[in-house]
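Step one of this worksheet: look at the structure below.
The values are calculated or read from the model by the stated rules, or taken from the named source; none is laboratory data. For clarity, every value in this text was computed on a predicted model and none was experimentally measured. Heads up, the Cβs are rebuilt from the backbone with ideal geometry, glycines too, and the neighbour counts pull from every protein chain shown. For the accessible areas, the whole protein counts, side chains as well, though only heavy atoms, and no ligand, DNA or RNA atoms are used. Shrake-Rupley method; radii C 1.70, N 1.55, O 1.52, S 1.80 Å.
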Amino acid sequence: MEFVLLNGEIIERSDAKIDVEDRGYQFGDGVYEVIRVYNGSMFTSEEHLARFRKSAEAIGIKLNFTIEEISAFLNQLIEKNNVVLGTVYLQITRGTSPRNHAFPSPGVPTNIVAYTKEVARPVENMKSGVKAMLIEDIRWLRCDIKSLNLLGNLLAKQEAVEAGCFEAIQHRGQTVTEGSSSNILMIKEGKIITHPADNLILNGITKRKLQEICIAAQIPFEERSFTIDEISQADEILLTSTTAEIMPIVEVNGKAVNEGIPGTLTKRLQELFETEIEKQCGELTIKI
Ligand code: PDD
């Protein structure tokens, strides 16, 4: 049996009903989070739930549960579904109301749902690295909001997948922004460089955690925008996300990066990140 969270209740998935006029379904009018679960414990859940609240506030959705209540629901869900290694998906929409672009009256309750999934660590890709391609970033100008509207991201990802790539590296003109579902970082002469956390990218929790790790380990980490010319001259390139963790990019647009193998610094970052996971969630059974 699989359980889900629906508006404060944990129920069987087959009993969960959302109306066809839910504003998330009709307009993508809502926000979401994906949180990693290792050994049955959520990793960096405080950061994810803080971002969830921030995204909701940015579009004028008021959470009708406290962060502590949501966190407790998610923990119950993980326990009921016996998730050991996986993810929790959490989303809130502006609720169910007759279709109208303008917001419904403030009394309309939001719809908040969550479900869990078993997800392995992508160890093979983490070890050997993945291919990526450059794609023009056609998304809106509030990519810092983790909005349900992901069409720009989906179109970029699909183009990359059809070209045999794992990820699309998006750029606005010369400026590299982020992946379709990840942040992009390049390494030049021992320094990690990544786009600043502004309105053009999602402020990734994995990347933030990596920054903390780098500061502690005295590895130079700089937030500044960089160009597609710079990325073509990078020593190493990597992507970060909740599910992909720290993933080496070993080819961009058919051109090998670091001779097509993960670089030394990227591998060190992966090790440091694994240590951080183990600190929060206990020993990992499958390691890189
Ligand atoms: N995606 N940028 C975009 C556009 C993303 O969708 C994601 C995550 C990230 C990385 O953020 P974080 O490190 O907090 O996961 C950056 C999630 C995993 C998803 O939509 O499935």
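For LYS117, a cut-off of 17 angstrom between C-alpha atoms picks up these lysines, skipping any fewer than 8 places away in its own chain: LYS80. Loop-located trypsin sites (Lys or Arg not before Pro) across the stretch 114-149 with a Cβ neighbour count of 14 or fewer within 10 Å are ARG142, with loop assigned by DSSP. The mean sequence distance of close C-alpha pairs (under 8 Å, at least 6 residues apart), as a share of the length of the stretch 166-234, puts its relative contact order at 35 percent.
Compared with the direct C-alpha span, the chain from GLU57 to TYR25 gains 9.6 nm at full extension, assuming 0.36 nm per residue.
Here the stretch 175-220 has 52 percent of its accessible surface on carbon and sulfur atoms, given a 1.4 Å probe and all protein chains in place. Just to confirm my numbers, what's the Cα centroid distance between the stretch 225-288 and the stretch 47-116 in Å? Distance between centres, Cα-based: 30 Å. Only Cα pairs under 8 Å and 6+ residues apart enter the sum, and on that basis the relative contact order of the stretch 1-92 stands at 39 percent. Using 0.36 nm per residue and subtracting the Cα-Cα separation, the extra length available between GLU283 and GLU189 on full extension is 30.6 nm.
The accessible surface of the stretch 92-149, taken with every protein chain in place and a 1.4 Å probe, is 58 percent carbon and sulfur.
For the chain, the relative contact order is 19 percent, taking Cα pairs closer than 8 Å that sit 6 or more residues apart in sequence and dividing their mean separation by the residue count.
Here the Karplus relation 6.51 cos²θ - 1.76 cosθ + 1.60, evaluated at θ = phi - 60°, turns the backbone of the stretch 18-23 into coupling constants of 10, 5, 5, 9, 4, 6 Hz, with x for every Gly and Pro. In this structure the stretch 158-288 gives 44 Å² per residue of accessible area when probed at 1.4 Å with all protein chains present. Applying the criteria of a DSSP loop state and at most 16 other Cβ atoms within 10 Å to the GluC sites (Glu not before Pro) of the stretch 1-109 yields GLU2, GLU21.
With every protein chain left in place, what is the accessible area per residue of the stretch 3-118 in square angstrom, probe 1.4 Å? Spelled out: the 1.4 Å probe surface of the stretch 3-118, per residue, equals 50 Å². A Gaussian network model of the chain, with springs between Cα atoms under 10 Å, assigns the largest mean-square fluctuation among GLY190, GLY107, GLY86 to GLY107.
Across MET1, MET126, MET42, the residue with the most accessible area heads the list, and the full order at a 1.4 Å probe is MET1, MET42, MET126. Placing R0 at 41 angstrom, the Cβ-Cβ distance between ASN82 and ASP229 gives a FRET efficiency of 0.25 after rounding to 0.05. For the stretch 205-288, the list of GluC sites (Glu not before Pro) that fall in a loop by DSSP and count at most 10 other C-beta atoms within 10 angstrom reads GLU283.
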